[in-house]
Amino acid sequence: MANRRDPQTERKLRPLYDALDNLNNKQAIQRADKILKKEKDFHCAKVLKALAMVRLMKCQDALALLEEVKSHFPLDESTLQAMSVCYKELLQPELIPELYETALKYTPNSEDMLTQLFMGYVRIKEYKKQQQIATRLHKLTSTTAYSYWNAVSLVFMGKDNPDLGKVMCFPLAVKIIEKSKEKSEEVAEEVFRLYLEVLELMGMYEKAVEELGDPKNVIIDDRERLRMKIHYHNLLGNTDKCNILYKQALIAEPDSYDFYRGYFETSFKLLTDSTSLHDPEFQVNLEKADTSVQDMTGLLLKVAEDAGPVRGPELAKAELVVRLKEQNIEMCAFASPSLLVLEYVQKFGHKLCCYDDLRVIIDRLKDAEKQELIQILEEYRVSVKESNGTKAMQRLATLHMLLHHVGKYKALESEQQFIALEEIKNFHNITLEGDLGCAYIDAFVLLYSWQKCDSGNKPDIVDSIKLLMTKLEQFPEASACRLLVTRLYEYLGAIGPAVEVYEGLDTKSIQLDSLAHILYSSLMPLGAYNRADKQARQMEAFYRTNEREVLEYIVKSYLCGKFNKVAELFDLHKSLVYSMSKSVFLLDKLWLSFVLSSANSWDQIESLLEATREEITSVKADNLVDNRDYSVNEVCDSRHQEIATLQSTTSYSHDTLYVSMRHFMLSSLLKLQDATTSKESEALDTLVALFQSDVVEKAGKLPVLEGYPLYLMMSQSMNVWKLFLETLTSTVVEATNLIRHCIHGKQAQFNLENVTSKISELITLSRKELIVDDTINSSKLPFLSSLIQTAYFAVLCLSCGVTGRIQRKKRGIVEGVMSSLKSTLADIKLLCDDCHSIAMKHKLDNLTIDKDDSVDSRITSSLEWSLEEMSGIIGKMSGLVNSLHSRLQPKS
């Protein structure tokens with residue numbers, strides 16, 4: 001086989017490479033076939049054809065072609081590299097090392113081959129083997145970089161096996177780095193950081209501090225060196241030394257608030273004198289730890305005086321006073337916490353960060369102090385609202401947010417609340433007319449919306465949406481407003497407008513993983529199945545691409561010597577592979593392939609089951625990582641931290657169960673299909689038992705989120721799916737009994753009423769939740785969506801028994817099953833039609849073409865669209881059931 005660098009070979013392959021580079025994969029296959037007609041054993045052309053097949057999602061054909069090439073033991077670089085690319089895109093990097101292991105048998109001293117083999121082991125985290133290859137490379141070339149690859153491999157091996165690490169891996173890594181340091185005049189920063197990391201892993205903190213103090217190691221700047229010294233002295237438990245270093249850091253960086261917290265923690269540990277009077281002659285001593293309140297007070301005053309108008313020292317004063325009060329130590333040198341908050345607002349209230357700075361302090365105040373603060377801030381607000389200008393408006397917005405956070409508006413009577421709301425709205429209009437910029441209007445419009453939405457009334461929510469949309473028309477970049485509008489539309493069941501508004505965020509890269517839940521969690525519950533399917537497929541492509549690319553970044557980190565990035569990138573790769581959102585997307589995509597399929601015969605359903613079998617079994621359902629970001633759900637509420645924590649933990653619990661539920665549904669279909677051809681069906685009993693214990697029981701223990709801001713709650717499906725889990729269980733149980741009884745002739749207790757009665761109960765419940773006083777409660781639309789999906793699951797499960805292999809004498813039982821399914825689907829269709837009629841009547845009777853009704857019109861139109869899409873799914877189900885039923889009729 002000619003090497004790719006051969007000019008003749010290059011000329012033959014150039015059109016093929018061009019087609020692949022231009023993403024014209026079909027043309028690439030055609031050009032590869034032309035070459036292979038003339039040269040059947042042109043391995044590189046075959047591999048490039050396989051690469052085009054991979055990109056056309058013909059993965060099985062590509063793998064077969066790659067296996068054919070691999071059986072000939074290719075040695076040329078171009079073929080091996082092309083095969084590596086194929087395996088990367090197939091997300092099977094574990095097959096790459098085998099290629100180079102075989103090639104090295106014929107060229108054992110090839111540096112390029114050894115390097116590629118090393119990187120192959122890096123991709124699959126084979127630390128021991130990559131360390132062995134790094135050793136071979138260093139012996140072969142004596143290159144220093146390879147010795148560092150050896151050390152990094154040992155570090156990861158030791159982290160993977162801590163016991164082995166302490167005994168062998170870490171000491172050997174230290175020895176390798178120290179030996180390389182002796183040979184080099186200057187050590188790279190990344191190598192020095194690696195050295196410090198290994199010393200820390202070995203518990204040699206004194207040695208790390210000594211290395212940081214060595215004047216030869218000037219590769220790390222002074223501030224970073226100081227931070228690292230603090231870190232190691234903390235690990236050593238040297239509180240005195242840490243305190244001194246924190247003081248030095250505060251003099252150098254007076255606006256770094258994390259240093260103040262560390263300083264306070266160490267000072268309070270060393271506290272021996274609670275005298276609070278400040279001595280005007282006080283001098284800061286950077287050689288001695290601070291052990292008194294006087295020392296802390298003096299340092300803060302000194303830093304504040306020298307630093308000028310920065311936030312850190314001023315906020316630290318309030319922090320110190322609060323800490324002292326928490327320990328019942330009287331403080332006289334500084335004012336009360338309320339007055340310090342007021343001073344902070346006066347100095348920094350015009351900055352957008354002021355509210356977030358003070359929120360942490362305010363949450364730690366006692367009730368009496370909060371009442372004092374309300375009074376002080378209210379008095380200052382009255383004087384500020386007469387001022388003009390951008391800074392005055394933002395300071396006023398900050399005051400309103402602080403008053404809302406501390407609970408002033410919740411304590412007001414409804415009439416007073418209305419007056420306060422109108423004032424906030426008026427100031428919003430003033431800022432809007434004054435064209436003061438997006439950021440300064442955010443505070444007023446969000447505060448108004450948050451307060452209005454606390455009522456939970458639809459008119460108030462619609463009013464908030466109108467104001468927020470007005471803001472977005474002028475400032476499309478207002479992301480906080482866009483997120484809030486999206487959540488409000490979702491709460492009202494209007495998925496169409498929610499999608500339109502959310503798309504304006506233009507999320508990219510890793511945001512797709514951390515923010516996708518904001519919209520996606522409502523798509524399925526609100527009946528937007530086609531949109532959910534589209535997003536799930538897009539996200540599948542995102543995860544495939546990023547998992548592959550992150551591994552390549554790891555490889556590049558080794559090649560560039562950026563060893564400190566390797567661990568971070570491995571963590572990122574793991575978080576993507578085990579992402580909760582990824583499992584949700586993949587399982588929903590597989591489920592929607594049934595829901596949205598045009599299959600109208602059981603043969604087509606069977607083909608779909610076989611096509612998705614491998615994917616269903618490969619989706620991860622355990623040890624999932626929650627990468628979703630809930631900090632974007634801003635809310636001006638004293639329970640902010642509580643709400644954020646509750647959201648995160650409850651959402652994780654719910655979606656873990658959701659993944660298990662979806663996996664159960666798809667796995668059940670596979671096992672039911674297998675049971676029709678095999679008498680072995682005990683696996684279904686085990687599957688049901690595990691589902692009942694791991695999902696159904698846990699679902700009943702999920703916390704209820706009533707009483708929390710509605711616009712922060714996750715999708716309403718959380719409360720909906722719990723009601724349907726038992727129906728799913730009963731469906732699988734009875735479908736199993738039907739197969740045992742009608743196909744295998746076993747004495748199984750089949751009782752269809754266990755399923756139909758539960759679905760009928762769910763239909764009644766859904767009607768009660770959806771139709772209230774002849775209007776549609778659109779926020780309860782998830783009930784109908786869940787009902788339809790449950791019914792479709794029942795159709796698929798019970799239809800497994802109607803395969804043409806049933807015993808003749810059992811045909812009557814199956815006829816009854818089909819008749820019951822038809823009746824059930826007719827009842828669901830009637831509910832959909834009733835909802836659609838009410839929505840249409842509301843649209844005709846109550847809405848006008850007046851611009852002010854545009855939000856109501858969009859909500860109603862979205863509801864109508866969702867109902868039509870769900871009706872279409874019922875129509876498909878009915879078609880499938882009729883097709884299966886006709887299969888039972890005797891042929892004329």
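The values are calculated or read from the model by the stated rules, or taken from the named source; none is laboratory data. Given the structure is predicted, the values throughout are model-derived calculations rather than measurements. Every residue, glycine as well, gets a Cβ built from its backbone with ideal geometry; the counts of neighbours run over all protein chains shown. Each accessible area value is taken on the protein alone, full model and side chains, heavy atoms only, with ligands, DNA and RNA left out. Shrake-Rupley method; radii C 1.70, N 1.55, O 1.52, S 1.80 Å.
Rolling a 1.4 Å probe across the protein heavy atoms gives segment 205-313 an accessible surface of 51 Å² per residue. Across segment 182-236, Cα-Cα pairs more than 16 Å apart make up 36 percent of the total. Would you be so kind as to identify all helices of the chain, as entire DSSP H runs, whose Cα atoms reach 30 Å or more along the helix's own axis and whose mean Kyte-Doolittle hydropathy is at least -0.5? Taking the DSSP H segments of the chain (at least 30 Å long, mean hydropathy at least -0.5), we get 640-677, 717-742, 811-846, 854-888.
Would you tally the net charge around LEU199, using a Cβ to Cβ cut-off of less than 10 Å, leaving LEU199 out, and scoring K and R as +1, D and E as -1? Taking every other residue near LEU199 into account, the sum is -4. For the chain, the Cα-based Rg and Dmax, in that order, read 33.5, 112 Å. Using equal-weight Cα scatterers in the Debye expression, the normalised intensity of segment 441-551 in log10 at q = 0.11, 0.15 Å⁻¹ is -0.40, -0.68. Per-residue ellipticity at 222 nm from helix content only, as computed over the chain with -39500 (n - 2.57) for each DSSP H run of at least four residues, stands at -24000 deg cm²/dmol.
With a Förster radius of 25 Å applied to the C-beta separation of THR390 and SER631, the computed FRET efficiency comes to 0.40. With a Förster radius of 60 Å applied to the C-beta separation of LEU339 and LYS458, the computed FRET efficiency comes to 0.90. One decimal place: the segment ASN882-GLU94 gains 278.9 nm when fully extended, by the rule 0.36 nm per residue minus the C-alpha distance. Each other residue within a Cβ distance under 14 Å of LYS347 adds +1 if Lys or Arg and -1 if Asp or Glu, for a net charge of +1.
Annotation for segment 339-386: GluC sites (Glu not before Pro) lying in DSSP loop with at most 14 further Cβ atoms inside 10 Å of their Cβ are GLU386. Each residue was assigned an accessible area with a 1.4 Å probe, and for ASP622 the value is about 110 Å².
Label-to-label distance for ARG55 and ASP685 is 5.3 nm, based on points extended 7 Å past Cα in the beta-carbon direction.
The candidates LYS183, LYS746, arranged from most to least accessible area with a 1.4 Å probe in the full protein assembly, appear as LYS183, LYS746.
For the residues CYS242, CYS560, a 1.4 Å probe over the protein chains yields an accessible-area ranking, largest first, of CYS560, CYS242. Sparsely packed loop sites in segment 142-225 (the GluC sites (Glu not before Pro) outside DSSP H, G, I, E and B with at most 15 other Cβ atoms within 10 Å) comprise GLU185, GLU186.
Take the residue pairs LYS26/LYS70; LYS37/LYS58; LYS351/LYS391 and return only those whose Cα atoms are more than 19 Å apart.
As for pairs spanning more than 19 Å Cα to Cα, those are LYS26/LYS70; LYS37/LYS58.
Note: relative contact order over the chain, using C-alpha pairs below 8 Å and six or more positions apart, is 8 percent. Residues whose amide H lies under 5 Å from that of SER579, counting only those 5 or more places away or on a different chain, are VAL625; hydrogens are built 1.01 Å from N in the peptide plane. For segment 765-829, the fraction of 1.4 Å probe accessible surface lying on carbon and sulfur atoms is 47 percent.
For ARG136, the shell of other residues with beta-carbons less than 15 Å away shows a net charge of 0, using +1 for Lys and Arg and -1 for Asp and Glu.
Which of the trypsin sites (Lys or Arg not before Pro) across segment 338-372 are loop residues per DSSP, with 12 or fewer other Cβ within 10 Å?
Passing both the DSSP loop test and the Cβ count: LYS366.
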